[in-house]
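No value in this document is a laboratory result; all are computed from the given coordinates. These numbers were taken from a predicted model, which means no experiment stands behind them. Every residue, glycine among them, receives a Cβ derived from its backbone with ideal geometry; neighbour counts consider all protein chains shown.
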């Protein structure tokens, strides 16, 4: 079965430190991968998707098919980055997004 | 442009009661989804729809039913609520299968 694994439930860093939120997936085909962010008591928002290769709010993510990973990175964390982050994938012929269990990022002043 | 609107935002039910959650989108999206969000488990798909008049089961469909009589609305029903259905429910939609989702603001349901 296709799975998305986010191994860290909580990641705590200091402001200005680099951030890497890990995401690994298990799927042999060509998935499309996404990162969603949920700020406190707000709805989930699309942060970025691998197909567009864009950088949003300083975050980037590179799809590594060899390692089946799609880690989210930011060189200098800001306090406003504190939120819940979800990695998700959609399959070639499917209509569904499969989500990981999420990582809570806490950026301390 | 309201996007995806969920009603109600909060609800407390007694075990055995029934209720319907409404999701409405005004973006002419074909695909609509219902997820539940539980601590440590992320979002799990309950049911989804790929177009008006169609529905399909997701990962955790037991205890829920859905209907998509109109393209813009996707209803989630609980016929006999159980405490295990205490959760935050999110509706989402997208125009085509390769797009990202647009989410609603969620419904926090407590079953006592």
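Observations
- Only Cα pairs under 8 Å and 6+ residues apart enter the sum, and on that basis the relative contact order of segment A:1-64 stands at 23 percent.
- The Rg/Rh ratio for segment B:1-45, using Cα coordinates for both the radius of gyration and the Kirkwood hydrodynamic radius, is 1.02.
- Calculated from the alpha-carbon coordinates, segment A:1-57 shows an Rg and a Dmax of 13.4, 38 Å respectively.
- With Cα atoms as the point set, chain B shows a radius of gyration and Dmax of 13.1, 39 Å.
- Centre separation in Å (Cα based) which lies between segment A:5-64 and segment B:26-48: 18 Å
- Pairs of Cα atoms nearer than 8 Å and 6+ residues apart set the relative contact order; for chain B it is 36 percent.
- Of the residues A:99, A:76, A:59, the one with the fewest other Cβ atoms within 10 Å heads the list, and the complete ranking is A:76, A:59, A:99.
- Stokes-Einstein D in µm²/s, Kirkwood radius over Cα pairs - the protein assembly as shown at 37 °C with 0.692 mPa s viscosity: 183 µm²/s
- The stretch between residue A:10 and residue A:76, if pulled fully straight at 0.36 nm per residue, gains 22.0 nm over its current Cα-Cα span.
- Shown is the FRET efficiency for residue B:52 and residue A:39, computed with R0 = 41 Å from the Cβ-Cβ distance and rounded to the nearest 0.05: 0.80.
- Summary value for chain A: 38 percent relative contact order, contacts being C-alpha pairs under 8 angstrom separated by 6+ residues.
- Tail fraction, Cα-Cα pairs, segment A:33-109, threshold 18 Å, whole percent: 40 percent
- Modelled label reach - residue B:80, point 7 Å along Cα→Cβ, segment B:1-30 residues with backbone N closer than 16 Å: B:14-19
- Stokes-Einstein D in µm²/s, Kirkwood radius over Cα pairs - segment B:45-95 at 25 °C with 0.890 mPa s viscosity: 210 µm²/s
- Proxy reagent accessibility, fewest Cβ within 10 Å first, across B:111, B:50: B:50, B:111
- Cβ-based exposure ranking for B:38, A:81, B:99, in which fewest neighbours within 10 Å come first: B:38, B:99, A:81
- Considering all different alpha carbon pairs of segment B:67-112, the Kirkwood hydrodynamic radius works out to 12.5 Å.
- Within the protein assembly as shown, percent of DSSP bridges classed antiparallel, to nearest 5: 90 percent
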